[in-house]
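For reference, the structure is listed below as structure tokens.
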Amino acid sequence: DEGHEHGGHDHGDSAAADPHIWLDPVKYAEVAKGVNKTLAEADPDHKADYQKNTDALVKKLGDLDTAYRDGLKNRASETFITTHAAFGYLAERYGLVEEAIGGIDPEAEPSAARVKELHKLAKDHGVSTVFFETLASPATAKTLAGDLKLKTDVLDPLEGITDKSKGHDYFEVMTSNLKALQTALGTK
């Protein structure tokens with residue numbers, strides 16, 4: 001698959017090339033364990049410190065995974081629309097369906113055929129919200145939402161924390177993302 005540059009990392013066209021593994025707390029914990037092993041091998045004098053920090057991070061990620069599992073259980077819809085195809089791992093982990101407006105590039109304008117398809121998807125799947133992100137223009141999301149008479153909200157791919165982010169660190173932003181998804185998907 002051909003990759004596309006955006007925000008300093010490659011956005012390939014397939015799930016295998018999707019770099020956004022940190023949006024899946026389980027996959028992120030696996031990465032943390034791998035980094036721990038590498039650091040411990042490179043700096044054996046501090047192996048215990050690396051292990052302690054990794055264990056704490058893995059526990060927090062496990063708690064976050066539980067919050068997502070429990071928080072997204074009873075929902076009216078499993079489909080969400082976003083400007084940026086960044087949430088594939090998260091969607092797969094929690095049994096959701098991500099529909100990106102323009103695909104890989106959050107700034108891309110969708111084709112007329114894609115807009116028509118999204119209209120049908122929104123209607124057929126009870127979609128209530130079109131998500132945009134903090135680091136990209138919300139114009140396309142707001143236009144589509146206006147056409148469909150849907151709400152807009154932020155779903156943050158955590159590619160950078162800014163003053164506009166709904167949280168000051170990974171865990172706060174992921175908790176905000178969970179709340180946004182719960183509202184959009186009609187959780188009970």
- Message: Looking at the range 179-188 only, could you name the residues that are more than 16 Å from residue 152 (Cβ to Cβ) and surrounded by 19 or more Cβ atoms within 10 Å (Cβ to Cβ)?
- Response: none
- Residues of the range 86-101 that turn out to be open to solvent by 10 Å² or more (accessible area, probe 1.4 Å) and more than 20 Å from residue 123 (Cα to Cα), as a count: 5
- Item | Among (1) open to solvent by 30 Å² or more (accessible area, probe 1.4 Å); (2) more than 26 Å from residue 116 (Cα to Cα); (3) of a type in the set (D, E, K, R) - the single one residue 24 does not satisfy | (1)
- Query: Hey, does the range 130-138 have a residue that's surrounded by 18 or more Cβ atoms within 10 Å (Cβ to Cβ), over 18 Å from residue 20 (Cβ atoms) and aliphatic (A, V, I, L, M)?
  - Reply: yes
- Under 8 Å by Cβ, and 6 or more places apart or on different chains, what pairs join a residue from the range 144-160 that is in contact (Cβ under 8 Å) with a residue 12 or more places away in the chain with one that is part of a loop (DSSP other than H, G, I, E, B) and of a type in the set (Asp, Glu)? 154/133; 155/133; 156/133; 157/133; 159/133
- Query: Out of curiosity, is residue 188 among the basic types (Lys, Arg) and either more than 26 Å from residue 25 (Cβ to Cβ) or without any contact (Cβ under 8 Å) to a residue 40 or more places away in the chain (or both)?
  - Reply: no
- Query: How about the range 142-165: which of its residues are surrounded by fewer than 18 Cβ atoms within 10 Å (Cβ to Cβ) and among the charged types (D, E, K, R)?
  - Reply: 142, 147, 149, 151, 163, 164
- Note on the structure: Of 38, 54, the only residue that is hydroxyl-bearing (Ser, Thr, Tyr), open to solvent by 70 Å² or more (accessible area, probe 1.4 Å), modelled with pLDDT of 95 or more and assigned to a helix (DSSP H, G or I) is 38
- Scan the range 73-84 and give yes if some residue there is under 16 Å from the mean Cα position of the chain (by Cα) and open to solvent by 30 Å² or more (accessible area, probe 1.4 Å), otherwise no. yes
- Query: Can you name the residue in the range 166-176 that is touching a Lys or Arg at 6+ places or on another chain (Cβ under 8 Å) and in contact (Cβ under 8 Å) with a residue 12 or more places away in the chain and is also surrounded by the most Cβ atoms within 10 Å (Cβ to Cβ) among such residues?
  - Reply: 173
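The values are calculated or read from the model by the stated rules, or taken from the named source; none is laboratory data. For clarity, every value in this text was computed on a predicted model and none was experimentally measured. Methodologically, a virtual Cβ is constructed for each residue, glycine included, from the backbone with ideal geometry; neighbour enumeration extends over all protein chains shown. Protein only, heavy atoms only, side chains kept; ligands, DNA and RNA dropped before computing areas. Shrake-Rupley method; radii C 1.70, N 1.55, O 1.52, S 1.80 Å.
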